[in-house]
1. Separation between the residue 143 and residue 123 pseudo-spin-labels, each 7 Å from Cα along Cα→Cβ, expressed in nm?
2. Just to check I understand the Karplus step: with θ = phi - 60° and J = 6.51 cos²θ - 1.76 cosθ + 1.60, what whole-Hz values come out for region 56-64, glycine and proline as x?
3. Note down the magnitude of the dipole of region 76-152 about its Cα centre, charges +1 on Lys and Arg C-beta and -1 on Asp and Glu C-beta and zero elsewhere, to the nearest 20 debye.
4. In square angstrom, what is the accessible area per residue of region 55-97 with a 1.4 angstrom probe?
5. Suppose R0 equals 30 Å. What FRET efficiency, 1/(1 + (r/R0)^6) with r the Cβ-Cβ distance, do residue 134 and residue 96 give to the nearest 0.05?
Amino acid sequence: MIDNERESAAHDASGRSTRWRGGLALAAAAVAAAGLVGAAAGSASAAPAGECLWAGTGYAQGTAVTAGGRAFTCATDQLGAPRWIRGADARGSSTVANPGATTAPTGNFSAGAQQPGTEYNDYCVGTQLVGGNESVYEVISDASGALRWKAAGPISQWVFTPGTGPVPSTRSASLCQPDQVLWPELNRSPNQ
């Protein structure tokens, strides 16, 4: 009778199969590679490598655009991911579409892009509604590589096309719930 394991795999001095260790090393390498691919995919946008996105349109490295009275140039960050670099104030009309921060930026904007806030950015502080249209928002990349909007300054910093301005929110403070108040336990009898 043939022992297939002994016949098909070499053994080292300790009796362990080198094939088993080789398979384990290969599996570990595959897991590490998948993690790198997953990390890259998590921070990547729909644009080809190196292109920056602005309102869903890709722009090549070095391309300069104007939006809201500001100049932005497509570059890369320290990890090689596409990023808009804000330059000097720019006069004249915008050269790119500026729909506002209406949805999550992934697949629409690269890090560094800025947009006027919209009701998408509304939030509550207690029972008070803070309108997203009160700020300019910038796309940032968090520690996991996911893109999100972050307030970058007051809306007065954005230059709107003449005759337009911040779009008011359709939401109301009625959506905001009062802070929960926790009262301490009192020593009461069950009949009180």
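The values are calculated or read from the model by the stated rules, or taken from the named source; none is laboratory data. These figures come from a predicted structure and were not determined experimentally. Cβ coordinates were reconstructed from backbone atoms using ideal geometry, including for glycine residues, and neighbour counts include every protein chain displayed. Surface accessibility is based on the protein's heavy atoms, side chains included, excluding ligands, DNA and RNA. Shrake-Rupley method; radii C 1.70, N 1.55, O 1.52, S 1.80 Å.
1. Between residue 143 and residue 123, the label points sit 1.8 nm apart.
2. My calculation for region 56-64 gives x, 9, x, 10, 5, 3, x, 5, 9 Hz in order.
3. Working: 5 positive and 7 negative charges, 42 e Å.
Around 200 debye, computed over region 76-152.
4. On the way: 2300 Å² over 43 residues.
With all protein chains present, region 55-97 gives 54 Å² per residue.
5. Values: r = 23 Å, r/R0 = 0.76.
Working from the Cβ atoms, E equals 0.85.
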